[in-house]
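Below is one structure; the comments refer to it alone.
The values are calculated or read from the model by the stated rules, or taken from the named source; none is laboratory data. If you're wondering where the values come from, they're calculated on a predicted model, not measured in any experiment. Please note: Cβ atoms are built from the backbone with ideal geometry, for glycine as well, and neighbour counts cover all protein chains shown.
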Amino acid sequence: MPEWDMSDRFRKSLKAAGMTSTEMAEYLGIARETVGRYMSGRANPPLVTQRLWAHRTGVPLEWLQTGEEPAGEQ
């Protein structure tokens, strides 16, 4: 069974939020290329970026990091 890693979850959350990588880069105040590296798995986003990404896309931070739903939200 294939498993989603953090880069997969970054891509999926961005798509679910209806955002482009350019929009996310502007929101985060970083280069679009950096967002691309996060979504391809070539770079590991810092915690502050993970938090902002989760907030902006409406997904739980725990899911973004681990793929698991936070306790009590299942």
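Observations, loosely collected:
- E3 surrounded by 15 or more Cβ atoms within 10 Å (Cβ to Cβ) and of a type in the set (D, E): no
- Any hit, segment 47-65, residues being loosely packed, with under 11 Cβ neighbours inside 10 Å, at pLDDT 95 or above, β-branched (V, I, T) and assigned to a helix (DSSP H, G or I): yes
- The set of residues from segment 24-45 being under 19 Å from D8 (Cβ atoms), in a loop (DSSP other than H, G, I, E, B) and not basic (K, R) comprises G41, A43, N44, P45.
- Checked against (1) on the phi > 0 side of the Ramachandran plot; (2) buried (at least 16 other Cβ atoms within 10 Å of the Cβ), G72 passes all but condition (2).
- Of the residues A17, A25, the single one that is surrounded by fewer than 16 Cβ atoms within 10 Å (Cβ to Cβ) and of a type outside the set (D, E, K, R) is A17.
- Restricting attention to segment 2-40, the residues being more than 11 Å from the chain's Cα centre (by Cα), in contact (Cβ under 8 Å) with a residue 24 or more places away in the chain and under 15 Å from T66 (Cα atoms) number 2.
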